[in-house]
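Right, one structure below, let's go through it.
The values are calculated or read from the model by the stated rules, or taken from the named source; none is laboratory data. Quick caveat: nothing in here was measured; it's all calculated off a predicted structure. Cβ sites come from the backbone with ideal geometry, for glycine too, and all protein chains shown count toward neighbours. Heads up: the accessible areas ignore ligands, DNA and RNA and are worked out on the full protein's heavy atoms, side chains in. Shrake-Rupley method; radii C 1.70, N 1.55, O 1.52, S 1.80 Å.
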Amino acid sequence: MRYHLQFLDDALTSALDRRLAEAGHAPAAEPAEAELLAIGLGLPLDGTPVLRLGPESWDAMITRVRAVSLALRDHGARLLARDARGRAVVLVDPPVLRAMENAGLVAVGGAFLSTLVQVAAAELGQSGVAVNTVVAGWRAPADDGFAVGTPMGRLAEPDEVARACAFLLDGEQASFVTGATLAVDGGWQITRTAGAHPLLGAGR
């Protein structure tokens with residue numbers, strides 16, 4: 001199958017390219033030709049408290065969420081028009097699963113997209129289109145403080161996130177998986193220690 005990657009950082013794009021090529025897939029010359037889509041929210045964690053978020057910050061988040069939503073809509077519509085099977089993965093950030101101070105934009109944007117994925121999965125499943133969410137764990141150049149006190153005790157490698165995406169994009173290995181949220185975060189979401197939050201001071 002052919003795939004299209006959008007709004008992913010360079011390291012993750014490279015890793016996912018490699019994994020999809022190993023599975024026998026090829027990049028699409030145009031997004032409209034792709035059966036497989038991996039698209040991320042791709043917003044920076046700017047560390048701004050909710051009470052200090054101005055209209056321009058919310059506008060930037062909404063613009064990106066709209067772009068991801070429309071790309072997912074268009075991907076599904078093209079597959080249905082071609083009567084083709086396909087898959088999509090939407091990547092969001094860890095604060096979707098665990099509330100964290102100073103992460104309002106990525107949390108709200110990711111939560112919107114995670115819900116949209118479930119709705120799309122419900123609507124498109126009987127047409128042979130699967131849609132899932134990957135919660136992509138903190139990766140370099142993120143601060144090492146995000147790993148303090150977490151079960152795995154380190155940041156994620158891009159290939160670890162890429163392998164999860166490749167699994168969900170595989171119509172055989174993940175043939176009965178849709179509407180799911182797969183956390184590839186090293187257990188960050190279940191951390192109960194004082195660490196894992198460098199914006200507040202790691203290890204406090």
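Overview of results
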quantity	calculated
Spin-label model distance (nm) - E172 vs E123, 7 Å beyond Cα toward Cβ	3.2 nm
Whole-percent carbon and sulfur share, accessible surface of the chain, 1.4 Å	55 percent
Alpha-carbon centroids, region 129-192 and region 54-85: separation in whole Å	21 Å
Residue among L169, L16, L53 with the largest mean-square fluctuation in a Gaussian network model of the chain, springs linking Cα atoms under 10 Å	L53
Selected from P94, P158, P44 as most flexible by GNM, with the chain as the system and alpha-carbon contacts under 10 Å	P44
Global geometry of region 1-123, whether rounded, prolate or oblate, following the gyration tensor of its Cα atoms and the 1.5 cut on a/c	prolate
Using θ = phi - 60° and Karplus 6.51 cos²θ - 1.76 cosθ + 1.60, couplings along region 99-109 (whole Hz; Gly, Pro as x)	4, 9, 4, 6, 10, x, 5, 5, 5, 5, x
Relative contact order, percent, the chain [alpha-carbon distance under 8 Å, six or more residues apart]	22 percent
Dipole of region 107-184, positive direction: furthest Cα of V184, A140, V108, with charges on the beta-carbon	V108
Environment charge at F146 (Cβ cut-off 12 Å; Lys +1, Arg +1, Asp -1, Glu -1)	-1
Of the GluC sites (Glu not before Pro) in region 14-84, those whose Cβ has at most 16 other Cβ within 10 Å and which sit in DSSP loop	none
Shape of region 35-190, Cα gyration tensor, a/c cut at 1.5	oblate
Approximate spin-label separation L80-A29, in nm, with each point projected 7 Å along Cα-to-Cβ	2.7 nm
